[in-house]
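First comes the structure, then the notes that go with it.
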Amino acid sequence: MNALLLKDYMNLELVRMPEPEAGPEDVLVRVRACGICGSDVHGLDGSTGRRNPPLVMGHEAAGEIARTGARVQDWRVGDRVTFDSTIYCGQCFYCARGQPNLCENRQVLGVSPGPYRRHGAFAEYVAVPSRIVYRLPDNLSFEHAAMIEAVSVAVHAVSLTPVRPGDTAVVVGSGMIGLLVIQALRHAGCARVIAVDPDPARLELARQLGASIALNPATGDAVVAIREMTEGRGADVAVECVGAGEPVRTAIACVRQGGSATLVGNLEPAVEFPLQTVVTGQLRIQGSCASSGEYPACIDLMSQGAIRVDPLIGAVAPLAEGPEWFARLYRREPNLMKVILKP
Ligand SMILES: [Zn+2]
Ligand SMILES: [Zn+2]
């Protein structure tokens, strides 16, 4: 089969590889669409340590079942599917508690920090355990379905955020996840969603997708503006979707006393923490990792149009063009958000 192999750091190549073996509990999926994740782009140069070559990356995918393992009963060849990016064991302490995203033995497709290596979906075929596979409705295209993983990250973060109908929410960062969080907060009943991002094009997209107010911290103090809009109190909740010091500071500074800040962004390993603001304001700081059982809900939300991914897809291209698209994303080409590759 054809696969896009990270041969070495900064060296992606379309190569011929043997098709993966499907174990007795696995299904072999003929990949029809696979999104390039920001973490794949960041992993390209080795700086994050989460992609160790040689590796086939790719964990945001959809396709058709091409073969089923001997013990797989619920799936048939030709079924249209997507699958969780986290391969959880189903047996550990966290899996038993219904928190598979925290599984002690979890592996992520196409991610290899340290010892394990599990090739991902930038290839014609990928083998995955049948327990992480979800059926796609006919009205959801493979290209849109490849966005479900990102949608699930946003929906999971909002599910951990104590939102009440009528709330004012702030979303710091209007990248891919931020734009999905805006839509999920709207759907959860927030009356007002305020987007904060230094990029005017992203703020425009945030407005199109449901933000009532868009604030640019490069041209004015966002925290002051948010306080002015909330009778000096601050927002009820904030969701941070960048993962760096300044945006985290903004997310914590813009919520009211007793409010909550959910942290989804994950770029820097450590940031300064405003301890006294959090303690004296009785704030709740909530981390959010990947997703935990939200796939069926996300499939519904997308198929009903409650969450739109179309405006986030910058390009759909054949797998062979992968190296060029990775290079364009690595150079941070403006206004290029999600690129979907079709093996
Ligand atoms: Zn991802
Ligand atoms: Zn587990």
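Of all residues in segment 1-23, those that are at pLDDT 95 or above have Cβ atoms under 8 Å from Cβ atoms of residues that are among the basic types (Lys, Arg), 6 or more apart or on another chain, in 1/16; 2/16; 3/16; 6/51; 13/7; 15/7. Could you please let me know if residue 192 is within 16 Å of ligand 2 (Cβ to nearest atom) and out of contact with any His (no Cβ under 6 Å at 6 or more places or on another chain)? No: the conditions fail for residue 192. Counting only helices (runs of 4 or more DSSP H) wholly contained in segment 80-185, the ones carrying 1 or more residues that are surrounded by fewer than 18 Cβ atoms within 10 Å (Cβ to Cβ) and within 16 Å of ligand 2 (Cβ to nearest atom) occupy 93-96. Scan segment 253-280 for residues that are β-branched (Val, Ile, Thr) and either in contact (Cβ under 8 Å) with a residue 40 or more places away in the chain or under 15 Å from residue 196 (Cβ atoms) (or both) and the total you get is 3. If you go through segment 1-47 and keep only what is open to solvent by 70 Å² or more (accessible area, probe 1.4 Å), under 17 Å from residue 118 (Cα atoms) and within 16 Å of ligand 1 (Cβ to nearest atom), you end up with nothing. When we screen 73, 107, 91 for residues that are without any contact (Cβ under 8 Å) to a residue 40 or more places away in the chain and within 16 Å of ligand 1 (Cβ to nearest atom), the only hit is 107. Of the residues making up segment 265-286, those that are open to solvent by 50 Å² or more (accessible area, probe 1.4 Å) and under 28 Å from residue 100 (Cβ atoms) number 8. Of all residues in segment 290-343, those being open to solvent by 60 Å² or more (accessible area, probe 1.4 Å) and closer than 27 Å to residue 238 by Cα number 8. Each residue in segment 134-191 was checked for being free of Cβ contacts under 8 Å to residues at least 40 places away in the same chain and on the phi > 0 side of the Ramachandran plot, and 2 of them qualify. Filter segment 254-289 down to the residues that are touching a Gly at 6+ places or on another chain (Cβ under 8 Å) and hydrophobic (A, V, I, L, M, F, W, C) and list them by number. Scanning segment 254-289 gives 254, 255, 263, 264, 267, 271, 283. In the set (1) within 16 Å of ligand 2 (Cβ to nearest atom); (2) of a type in the set (A, V, I, L, M); (3) open to solvent by 60 Å² or more (accessible area, probe 1.4 Å), residue 70 fails one condition alone, (1). When 231, 246, 321 are screened for being part of a loop (DSSP other than H, G, I, E, B) and acidic (Asp, Glu), only 231 passes.
Is it the case that some residue within segment 326-343 is free of Cβ contacts under 8 Å to residues at least 24 places away in the same chain and in contact with a strand residue (DSSP E or B) (Cβ under 7 Å, 6 or more places away or on another chain)?
Within segment 326-343 (the criterion being free of Cβ contacts under 8 Å to residues at least 24 places away in the same chain and in contact with a strand residue (DSSP E or B) (Cβ under 7 Å, 6 or more places away or on another chain)), the answer is yes, since at least one residue qualifies.
Taking the listed residues 214, 270, the one that is part of a strand (DSSP E or B) and either touching a helix residue (DSSP H, G or I) at 6+ places or on another chain (Cβ under 6 Å) or of a type in the set (Gly, Ala, Ser) (or both) is 214, with no other qualifying.
The values are calculated or read from the model by the stated rules, or taken from the named source; none is laboratory data. This is a predicted model, so every value here is computed, not measured. We place every Cβ from the backbone using ideal geometry, glycine too, and count neighbours over all the protein chains shown. In case anyone asks, the SASA skips ligands and DNA or RNA and just uses the protein heavy atoms, side chains included. Shrake-Rupley method; radii C 1.70, N 1.55, O 1.52, S 1.80 Å.
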